Amino acid sequence: KAGVTQTPRYLIKTRGQQVTLSCSPISGHRSVSWYQQTPGQGLQFLFEYFSETQRNKGNFPGRFSGRQFSNSRSEMNVSTLELGDSALYLCASSRLGQGRTGELFFGEGSRLTVL
Amino acid sequence: TQLLEQSPQFLSIQEGENLTVYCNSSSVFSSLQWYRQEPGEGPVLLVTVVTGGEVKKLKRLTFQFGDARKDSSLHITAAQTGDTGLYLCAGLMTTDSWGKLQFGAGTQVVVTP
């Protein structure tokens, strides 16, 4: 069974630009959650999508947005990039939503560097 | 403030030694998960504990859920270099479908030969 696939794995952007990250969940999983991971803040929850609807949201500014498609693939977008947005962005899938079992399957992440 | 406090933050030991990582909270959890993250990869689920007092073993790793379901521990016996990684505990306070998993800040474990 293929795991969670995230693209791109690495990217470098400059301040003010925008970026789109993609995530393909495990086949049959309808929930996709996004996290930001930095050394200082640890894993911070961005949002969760289930059946194309945002079901939960963390405490991030509106520059961070996401969407989910009918095939459960998800994208997240960060506009007007700031230096502090440099981080590892992790996508995680679950069959019924993270709130049901807490069991998430993570991708390898997209490492974003903002210069 | 983290809902789940992990200790220690960093642990460096030699191969063959034992170690214990703690995950504590003042809140009650319906379930608690342990994940391990290796450099350059995403976290991987190791175990889920659900019942107060539950003990689960995964080869040399022993996981325990506190009787009151507020805390958990991970014990590694005879650590190997392959056990190096960031250990994260995470907990669910509800079984509501749209509840959020709460993550601790993690314990970085380094096992040297």
Residue list for region A:32-55, filter: surrounded by fewer than 18 Cβ atoms within 10 Å (Cβ to Cβ) and within 30 Å of B:Gln108 (Cα to Cα):
A:Thr38, A:Pro39, A:Gly40, A:Gln41, A:Gly42, A:Gln44
Which members of region B:35-63 meet the condition of being among the polar types (S, T, N, Q) and either touching a residue at least 40 places away in the same chain (Cβ under 8 Å) or buried (at least 19 other Cβ atoms within 10 Å of the Cβ) (or both)?
B:Gln37
Reported set for region B:48-75 where residues are among the aliphatic types (A, V, I, L, M) and either assigned to a loop (DSSP other than H, G, I, E, B) or within 14 Å of another protein chain (Cβ to nearest Cβ) (or both) is B:Val49, B:Val50, B:Ala68
Hey, does region A:82-97 have a residue that's among the aliphatic types (A, V, I, L, M), surrounded by fewer than 21 Cβ atoms within 10 Å (Cβ to Cβ) and at pLDDT below 95?
yes
What are the residues in region B:19-34 that are aliphatic (A, V, I, L, M) and crowded, with 16+ Cβ neighbours inside 10 Å, if any?
B:Leu19, B:Val21, B:Leu32
Could you please find all residues in region B:77-113 being within 14 Å of chain A (Cβ to nearest Cβ) and not in a strand (DSSP E or B)?
B:Met93, B:Thr94, B:Thr95, B:Asp96, B:Ser97, B:Trp98, B:Gly99, B:Lys100, B:Leu101, B:Gly104, B:Ala105, B:Gly106
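The values are calculated or read from the model by the stated rules, or taken from the named source; none is laboratory data. As the structure is a computational prediction, the values presented were derived from the model and not from experiment. As a convention, Cβ positions derive from the backbone with ideal geometry for all residues, glycine included, and neighbour counts pool all protein chains shown.
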